[in-house]
1. With each pseudo-label sitting 7 Å past Cα toward Cβ, what's the residue 47-residue 268 distance in nm, one decimal?
2. How many nm is it between the label spots at residue 154 and residue 112, if each spot is 7 Å from the Cα in line with the beta carbon?
3. For the ranges 221-227, 70-76, 185-191, 293-299, what's the packing order if you count other beta-carbon atoms within 10 Å of each residue, average per peptide, and put the highest first?
4. Say a paramagnetic label sat at a point 7 Å from the Cα of residue 287, along Cα to Cβ; which residues of the range 228-244 have their backbone N under 16 Å from it?
5. How big, in percent, is the set of alpha carbon pairs in the chain lying more than 32 Å apart?
6. Which of 50, 66, 172 comes first, and how do the rest follow, when ranked by fewest Cβ neighbours within 10 Å?
7. Before rounding to the nearest 500, sum -39500 (n - 2.57) across all DSSP H runs of length at least 4 in the chain and divide by the residue total; then give [θ] at 222 nm in deg cm²/dmol.
8. Length gain on complete extension for the stretch residue 161 to residue 307, per 0.36 nm per residue less the alpha carbon to alpha carbon distance?
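Since every read-out is calculated from the coordinates, none of them should be taken as a lab result. The structure displayed is predicted, hence computed values, not measured ones. Cβ atoms come from the backbone with ideal geometry, glycine included; neighbour counts cover every protein chain shown.
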Ligand SMILES: Nc1nc2c(c(=O)[nH]1)N[C@H]1C(S)=C(S)[C@@H](COP(=O)(O)O)O[C@H]1N2
Ligand SMILES: [Mo]
């Protein structure tokens with residue numbers, strides 16, 4: 001049983017951010033901790049968001065992960081290739097304001113540039129608790145805030161040329177690593193098939209733990225696709241193109257044999273260098289069995305019914 005009928009998640013049993021931050025303020029008073037630079041550091045001072053609870057099908061019943069796992073153990077190669085580096089270096093980045101997102105491409109009947117402020121008002125913000133599974137076989141459970149990406153795409157009045165969506169991250173060579181340092185091309189690009197992009201689970205995400213996104217989690221705006229490996233969930237989104245052909249994606253460009261376009265979580269198809277059968281849920285001692293489509297099969301499997309998922313990995 002993965003989806004609970006009544007969303008009644010209590011933050012009292014999930015290491016809430018407030019508890020953690022209070023503990024951290026307490027620690028900050030300790031000279032030795034400060035001197036040792038030992039404080040794990042999620043960003044402070046994000047803005048509180050107004051949101052409602054997502055529908056039950058969007059609320060995983062797994063225990064929400066500790067804020068230190070979600071905001072302190074990240075992949076964001078623009079800010080470093082180590083898991084601790086994004087939380088150390090991304091907070092220094094000043095998120096450009098106003099943040100503008102370009103929506104274009106042959107599939108967009110009404111191409112447009114839209115500000116984050118306007119994006120926030122396109123649909124009501126919902127809190128959704130999603131399991132996230134990195135291709136590197138660790139996972140977390142995250143209380144994201146956002147709304148289905150389909151709401152924003154519809155504003156661009158998509159036409160019959162919309163077969164795929166191509167996403168592009170923001171890139172600033174002065175504030176971020178060079179492609180040579182990171183070992184991947186920038187700007188980071190990702191993509192989804194039309195039906196995947198319009199699927200209600202695909203979340204345009206502006207927050208986590210009730211507040212705007214910390215930089216290391218992809219501020220100010222990212223995509224979250226919970227049935228796919230984490231690298232599909234592109235951060236710091238700057239451009240959305242509605243296109244006719246399957247777009248290039250960063251990890252596929254870097255190593256096509258290891259990272260395919262679809263990248264659905266699949267315990268039956270191993271990565272060439274490691275098994276995908278199990279995962280480390282951060283904060284838990286024993287490994288979990290990885291679920292096909294990360295446990296979202298009831299909602300998404302039909303989109304792949306006629307595909308060989310070994311070939312289309
Ligand atoms: N722009 C950009 N987006 C990115 C990445 C990245 O390096 N750059 N890493 C991806 C990977 S591999 C994962 S697992 C998730 C991690 O998201 P999180 O740090 O919020 O858990 O972000 C994805 N989005
Ligand atoms: Mo990942």
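1. Output for this residue pair reads 4.6 nm.
2. Calculated label separation equals 1.3 nm.
3. Details: 221-227: 25.7, 70-76: 23.4, 185-191: 21.0, 293-299: 19.4.
Sorting 221-227, 70-76, 185-191, 293-299 by mean packing, highest first, produces 221-227, 70-76, 185-191, 293-299.
4. The answer is none.
5. Values: 11542 of 48828 pairs.
Pairs farther apart than 32 Å: 24 percent.
6. On the way: 50 9, 66 21, 172 13.
In increasing order of surrounding Cβ atoms, one gets 50, 172, 66.
7. Numbers: 10 runs with 58 residues, N = 313.
Rounded to the nearest 500, it is -4000 deg cm²/dmol.
8. Details: separation 146, 0.36 × 146 = 52.56 nm, distance 2.20 nm.
Using 0.36 nm per residue and subtracting the Cα-Cα distance, I get 50.4 nm.
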